[in-house]
Structures are given as C-alpha cells and as structure tokens.
Amino acid sequence: QVQLVESGGGLVQPGGSLRLSCAASRIIFSIARITWYRQAPGNERELVASIAGGGTTEYADSVKGRFTISRDNAKNTVYLQMNSLKSEDTAVYYCHHMGSASWGQGTQVTVSS
C-alpha cells in the first residue's frame, strides 16, 4: 500500500516562508507524478502544484512566482517551498500520488500575524 507522509507545516507570519515535504514509499518514485493540494475551511480541495517524474511542473495561478515544487528521487521526497506567504494560503496541505490515487494525512499551514 502506497504511503505518503507530509511534514513541515506550522504557523508563520505573512511574508514568511515554509518548506513542506512529502515522503513516499511503495511506489516507483522516479516516474511518479506527485501533486500538492490544499483545503481551507469551507472550501473545496484545490490543486497547488504538481511535478511529473521527468520534472515538469505546473502551478495554480494563485501561487505562481511564490511557490516552488521540486523532487529528490534519491530520497523519494517531493518538496513545496512556499515564500511570500499570505493569509489566504492558510489551509491543510495534502500530497497526492496520481498513479495509486493515494493521499497523505495532511499538514496544517497557518499564515497569521
């Protein structure tokens, strides 16, 4: 069974940065597309950023220029570097593996002064 474990969330002030990690196991990681989603209270889950096995990336318009998704195949880990954080980035962030339709447990990001 595929396992995805997110970490790195927390409380940060507006304008600050956080780096989220998604560690995967029991998949052929090097070819896996991994996507970060987020869900704020009362809102639907939305795509934030995605990275294909070959490294191609895509981003939601709301995070372009502020967030960067990357991967380390040696560590079976995908990262989401989040800079210039805004209050509207507050949400639970989840990683998702398309091939197995698996989700991690989520990590809370709160942007507040």
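The values are calculated or read from the model by the stated rules, or taken from the named source; none is laboratory data. For clarity, every value in this text was computed on a predicted model and none was experimentally measured. Cβ placement follows ideal geometry from the backbone for every residue including glycine, while neighbour counts extend to all protein chains displayed. Heavy atoms of the whole protein, side chains included, go into the accessibility calculation; ligands, DNA and RNA do not. Shrake-Rupley method; radii C 1.70, N 1.55, O 1.52, S 1.80 Å.
What FRET efficiency would be calculated for the residue pair Ser113, Arg33, taking the C-beta separation as r and a Förster radius of 41 Å, to the nearest 0.05?
On the way: r = 36 Å, r/R0 = 0.87.
Efficiency computed from Cβ-Cβ geometry: 0.70.
Give me the accessible area per residue for the chain, probe 1.4 Å, as a whole number in Å².
On the way: 5810 Å² over 113 residues.
Dividing the accessible area of the chain by its residue count gives 51 Å².
At a 10 angstrom cut-off on C-beta neighbours, averaged per residue, how do the peptides 56-62, 92-98, 72-78 rank from highest to lowest?
Working: 56-62: 12.6, 92-98: 20.1, 72-78: 15.6.
For the peptides 56-62, 92-98, 72-78, the packing ranking is 92-98, 72-78, 56-62.
Using a simple spin-label model with points 7 Å from Cα along the Cα→Cβ vector, what separation in nm is obtained for Gln105 and Glu58?
Here the answer is 3.0 nm between the modelled labels.
Phe29: accessible area at probe 1.4 Å, nearest 10 Å²?
10 Å²
Quote the relative contact order of the chain in percent (integer), defining contacts as alpha-carbon pairs under 8 Å separated by 6+ residues.
On the way: 277 pairs, mean separation 41.6, N = 113.
RCO, the chain: 37 percent.
Residue by residue through region 89-103, what is 3J(HN,Hα) from phi via Karplus (6.51 cos²θ - 1.76 cosθ + 1.60, θ = phi - 60°)? Round to whole Hz and write x for glycine and proline.
Whole-Hz 3J(HN,Hα) from phi for region 89-103: 7, 4, 4, 8, 9, 10, 9, 9, 9, 5, x, 10, 6, 9, 10.
Out of residues 5 or more away from Ser102 or on other chains, whose amide H comes under 5 Å of its own, with H placed 1.01 Å from N in the peptide plane?
Close amide H contacts, sequence-distant or interchain: His97.
Under a crude label model (7 Å from the Cα following the beta-carbon direction), how far is Ser84 from Gln13 in nanometres?
Those two pseudo-labels are separated by 1.9 nm.
What is the distance, in nm, between label points placed 7 Å from the Cα along the Cα-to-Cβ direction at Val2 and at Asp72?
Result: 2.2 nm between the two label points.
Apply the Karplus parameterisation 6.51 cos²θ - 1.76 cosθ + 1.60, with θ equal to phi minus 60°, to every residue of region 67-72 and state each ³J(HN,Hα) to the nearest whole Hz, in sequence, with x for glycine and proline.
Once rounded to whole Hz, the list reads 10, 9, 9, 8, 9, 10.
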